[in-house]
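As structure tokens, the structure follows; a few thoughts come after it.
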Amino acid sequence: MSVVAEVSAIDFAETEFEWAQRSTLIREVGPLVPGPPSLAMCLSEPTRGLVDIASLLLAAPWLLRSPRGDGHPVLVLPGLLTSDVSTLALRAYLSFLGYRVHGWNLGVNTGPTAMVVDGLPAALAQVADRYEQKVSVIGWSLGGIYARKLARDLPDSVRQVVTLGSPFALASLEQTRVGSLYARLSGNHAVLPPVDGIESEQGPPISVPATSVYSRHDGIVPWQACCETTSGLSESVAVQGSHMGLTHNPSALWTVADRLAQDIDNWQPFAAPKRLGRLFPAEV
């Protein structure tokens, strides 16, 4: 989810009780389901996002030494209320590493509109057909939910999925700090609620490698909803940082590079570099 989305969420700040009453899309949350991040954590997101940008500059020397793969095609999907501009740093970095990187070219992501529902499979097919290869799909926040949906529906075209702060295990919009904003946009959505791709509403698990990158200091969505069930082809990787900064967070970028460099026929779980272990908190 974007800088615009986060700031808008703060501007529209309401108590959970108030906006739950106003939105028909918000379902009752059980006592064991995590609520939204604290208001303090949410309000600090813009500042912490800027810190992530500054840390990217400081981390450039070791990021330039990150693992390199085979240069296969990559499709990158933006978060709520952002466009391809928001993933520019991530895409430039992956292009530098030799991958054939593409944005989604669908404008501003306002949710699963008819244009997105129809356009995303077409965008994936176009990239896969162009290179005659499977495509790795990377999605930030809401974009990651789309990415997982593509992997589930079109596994023959998807090589692997990497999500950045994507709350694919949400039970309710009430769990996020932008739930009210998302609900306000839902009048133009072709899929309701909150998006066809939330894991609890899906059937079979994703059949391709899936890595979920998340931060326990996320101020927009509950980090617990971003965690993948660990299995032979799935994992979660915790990093330090904000939600807004995940597309330019050095630890997140390193993780993406490491995952893309994996041999698709011999996929191995992520292992943090020994000298950088403190940047990757142990999964809980």
Provide the per-residue ³J(HN,Hα) series for the stretch 168-173, in order, calculated from phi with Karplus coefficients 6.51, -1.76, 1.60 and θ = phi - 60°, each as a whole number of Hz, with x at glycine and proline positions.
6, 9, 4, 9, 7, 4
Pairwise centroid distance, computed over Cα atoms, of the stretch 238-267 with the stretch 75-94, Å:
14
Let me know the shape class of the stretch 49-156, please: from the alpha-carbon gyration tensor, a ≥ b ≥ c as square roots of the eigenvalues, rounded when a/c is under 1.5, otherwise prolate if a/b is greater than b/c, or oblate.
oblate
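How high is the relative contact order of the stretch 54-199? Use alpha-carbon pairs under 8 Å, at least six apart in sequence, and give a whole percent.
Details: 236 pairs, mean separation 34.0, N = 146.
About 23 percent, as a whole number.
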If you average the alpha carbon positions of the stretch 120-152 and of the stretch 211-227, how far apart do those two centres end up, in angstrom?
21
Starting from the Cα of L58, step 7 Å toward the Cβ, then list every residue of the stretch 203-241 with an amide N under 15 Å from that point.
240-241
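Which whole-number value in Å² is the accessible area per residue of the stretch 123-189, probe 1.4 Å? Don't jump to the answer; show the numbers that get you there.
Values: 2080 Å² over 67 residues.
Dividing the accessible area of the stretch 123-189 by its residue count gives 31 Å².
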With charges set only on the Cβ (+1 for Lys and Arg, -1 for Asp and Glu), what does the dipole of the stretch 235-284 come to about its Cα centre, in debye to the nearest 20?
320
Between A92 and N188, 0.36 nm times their residue separation minus their Cα-Cα distance comes to what?
31.4 nm
Could you go through the stretch 262-268 in sequence order and give the Karplus-derived ³J(HN,Hα) for each residue, using 6.51 cos²θ - 1.76 cosθ + 1.60 with θ = phi - 60°, rounded to whole Hz, and x for Gly and Pro?
5, 5, 4, 8, 9, 5, 10
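The values are calculated or read from the model by the stated rules, or taken from the named source; none is laboratory data. This structure is a prediction, so every number in the text was calculated from the model and none was measured. Don't worry about glycine lacking a Cβ; one is built from the backbone with ideal geometry, like all the others, and counts go over all protein chains shown. With ligands, DNA and RNA removed, areas are computed over all heavy atoms of the protein, side chains included. Shrake-Rupley method; radii C 1.70, N 1.55, O 1.52, S 1.80 Å.
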